1. Among residues belonging to the range 64-79 that are part of a strand (DSSP E or B) and in contact with a helix residue (DSSP H, G or I) (Cβ under 9 Å, 6 or more places away or on another chain), point out the one that is surrounded by the fewest Cβ atoms within 10 Å (Cβ to Cβ).
2. Would a scan of the range 7-17 turn up a residue that is surrounded by 12 or more Cβ atoms within 10 Å (Cβ to Cβ) and modelled with pLDDT of 90 or more?
3. Considering only the range 64-87, state which residues are touching a residue at least 12 places away in the same chain (Cβ under 8 Å) and more than 20 Å from ALA111 (Cβ to Cβ).
4. Against the condition touching a residue at least 60 places away in the same chain (Cβ under 8 Å), part of a helix (DSSP H, G or I) and of a type in the set (A, V, I, L, M, F, W, C), how does LEU22 come out, does it pass?
5. I need every pair where a residue in the range 88-99 that is under 16 Å from GLY44 (Cβ atoms) has its Cβ under 7 Å from the Cβ of a residue that is assigned to a strand (DSSP E or B) and of a type in the set (S, T, N, Q), sequence separation at least 6 or different chains.
6. Listed residues GLY35, GLY44; which is assigned to a loop (DSSP other than H, G, I, E, B), modelled with pLDDT of 95 or more and on the phi > 0 side of the Ramachandran plot?
Amino acid sequence: MKPGIQALGRLKTGVMNKTEALYEATVLKPALMAGEVAWYKFEGIKLRLADNTFYTPDFAVMMMDGQMQCREIKGFWTDDARVKIKVAADIYPFEFIAIRALPKKSGGGWAEEMFS
């Protein structure tokens, strides 16, 4: 591998990347403190999609009314990730939300895409 080039891949299980940590700090923790969210856990659930095929959402979130959400934080989408969240949304009775960080030059914030 050439110097300065990193292999693509996921961090170790249970370790957040910078975008996930920013989402937790700016959205989930404040929502929990404000009583808008009852509970959340990073990589808190693992969903079976088929034999030897699983999907682990970045955040499992329980809303105050008991509704469960699976929130996937993305910088960019791979075809595999998009297929997995669509399949999971077809199988499980949770709300699936993909969240993408908006560029700072565009004002920042978060864009959401719902899957059902």
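The values are calculated or read from the model by the stated rules, or taken from the named source; none is laboratory data. These numbers were taken from a predicted model, which means no experiment stands behind them. Don't worry about glycine lacking a Cβ; one is built from the backbone with ideal geometry, like all the others, and counts go over all protein chains shown.
1. Taking the candidates together, the pick is LYS74.
2. For the range 7-17, residues surrounded by 12 or more Cβ atoms within 10 Å (Cβ to Cβ) and modelled with pLDDT of 90 or more: present.
3. Hits for the range 64-87 are MET64, GLY66, GLN67, MET68, VAL87.
4. The answer is yes for LEU22.
5. Once the first residue is under 16 Å from GLY44 (Cβ atoms) and sits in the range 88-99, its partners that are assigned to a strand (DSSP E or B) and of a type in the set (S, T, N, Q) give PHE94/GLN69; GLU95/GLN69; ILE97/GLN69.
6. The conditions single out GLY35.
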